[in-house]
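Undergrad: First the structure, which I've put down as structure tokens, then a few questions once you've had a look.
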Amino acid sequence: MWTLDRNTELHHWRATASACGAVLAFSTRRGGVSLPPFDTLNLGRSTVDEPDAVSANRARLLTTLGLDPAKLATAGQVHGTRIVEVTGPGHQSECDALVTSVPGLALAVTTADCMSLLFEAPGAVAAAHSGWRGAADGMPVAALRAVCERAGCGPERVHVHFGPCNRGCCYEVGEEVAERFPEAALRRDGVPKPHLDLPTASRIALVAAGVPDAQVHDTGACTSCEPYWYFSHRRDAGRTGRLWGVAALAGNSRR
Ligand SMILES: [Zn+2]
């Protein structure tokens with residue numbers, strides 16, 4: 001379902017099929033113009049990178065995806081569970097997920113260890129940012145409900161996609177965090193502290209909420225393991241760039 005596309009100068013994860021006619025992608029750090037430590041495809045404005053470089057990187061990715069850089073909606077991301085429905089471009093502060101039914105409008109969330117989740121339903125898409133706090137507070141299911149409401153469908157019609165994030169191989173957490181998750185989402189063998197697998201935790205919650213397991217798709221990529229491909233906030237001690245998860249309904253775009 002997901003492939004790391006190296007055919008363009010700007011390598012990115014793209015969905016090989018969309019159940020609902022959506023454009024779905026996750027960025028890597030390759031193919032942009034930013035200088036170290038933001039090299040090279042930094043898409044985050046919350047960094048001290050040159051704003052012009054971030055703008056150029058954003059336009060480069062959206063154009064590669066066949067989307068219009070002027071039709072972009074972004075989220076402020078405060079590690080909460082608030083979701084905003086958008087009908088046009090702009091930045092929505094104080095929220096961690098966006099949902100829309102407007103074709104050609106790109107929804108983007110930024111990450112560098114947290115997970116981005118993309119949702120597609122007939123006539124609606126959503127993009128959500130969810131780290132351990134969002135996952136523990138129920139962001140995956142909250143975003144699922146928002147996209148179902150917008151599309152007027154049940155969870156059995158929704159496909160969900162997980163982007164690169166810090167995973168059970170690397171993501172050490174304290175016991176106070178671990179105890180908020182099912183044991184199936186934790187790894188305790190051979191490690192001094194529990195490791196949390198955000199994709200497993202999110203999959204368990206989404207399947208329990210009615211999404212068929214076969215409709216939860218995962219890139220399988222770990223931001224911490226692979227410095228060539230991904231920014232990692234924890235590995236890089238905060239001095240790093242940001243990745244994007246992007247979702248748009250097809251139509252009314254440049255392509
Ligand atoms: Zn890893």
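Nothing in this text is a laboratory measurement; each read-out follows from the coordinates by a stated rule. Everything quoted here is computed from the prediction, not taken from an experiment. Backbone-built Cβ (ideal geometry, glycine too); neighbour counts: all protein chains shown.
Undergrad: Run through all the Cα pairs of region 1-129 and give the fraction in each 5 Å bin from 0, expressed as whole percent.
TA: With 5 Å bins starting at 0, P(r) equals 2, 11, 20, 24, 23, 14, 5, 1, 0.
Undergrad: Can you figure out the FRET efficiency of Arg239 with Ala59, using R₀ = 22 Å and their beta-carbon distance, to the nearest 0.05?
TA: 0.35
Undergrad: Also, I was wondering about something else. Restricting to DSSP loop positions (anything but H, G, I, E, B) with no more than 14 other Cβ atoms inside 10 Å of their own Cβ, which GluC sites (Glu not before Pro) remain in region 157-234?
TA: Counting only loop positions with at most 14 other Cβ atoms within 10 Å, the GluC sites (Glu not before Pro) in region 157-234 are Glu179.
Undergrad: If you don't mind, there's one more thing I want to ask. Viscosity 0.692 mPa s, temperature 37 °C: Stokes-Einstein D of region 74-157 from its Kirkwood Cα radius, in µm² per second?
TA: In µm²/s, the coefficient is 264.
Undergrad: Which three numbers, in whole Å and largest first, are the semi-axes of the equivalent ellipsoid of region 162-214 derived from its Cα gyration tensor as √(5λ)?
TA: 21, 12, 8
Undergrad: Helix-derived [θ] at 222 nm for the chain: sum -39500 (n - 2.57) over DSSP H runs of at least 4, divide by residue count, nearest 500?
TA: Estimated from H runs of four or more residues: -5500 deg cm²/dmol.
Undergrad: I would also like to ask the following. Sort region 147-255 into rounded, prolate or oblate with this rule: let a ≥ b ≥ c be the square roots of the eigenvalues of the Cα gyration tensor; rounded if a/c is under 1.5, and if a/c is not under 1.5, prolate when a/b is larger than b/c, oblate otherwise.
TA: oblate
Undergrad: Further question: Quickly work out the Thr87-to-Asp52 label distance, labels modelled 7 Å from Cα along the C-beta direction, and quote it in nm with one decimal.
TA: Simple spin-label model gives 3.7 nm for this pair.
Undergrad: First obtain the Kirkwood hydrodynamic radius of the chain from its Cα pairs, then insert it into the Stokes-Einstein equation at 4 °C and 1.567 mPa s, and state the resulting D in µm² per second as a whole number.
TA: The estimated diffusion coefficient comes to 73 µm²/s.
Undergrad: Which order do Val216, Val33 fall in if you start with the one that has the fewest other Cβ atoms within 10 Å?
TA: Ascending number of Cβ neighbours within 10 Å: Val33, Val216.
Undergrad: Find the centroid of the Cα atoms in region 180-209 and in region 63-87, then give the distance between the two in whole Å.
TA: Using only Cα atoms, the two centres lie 28 Å from each other.
Undergrad: Further question on the same structure: Can you put Glu226, Glu9 in order of Cβ neighbours within 10 angstrom, beginning with the fewest?
TA: Glu9, Glu226
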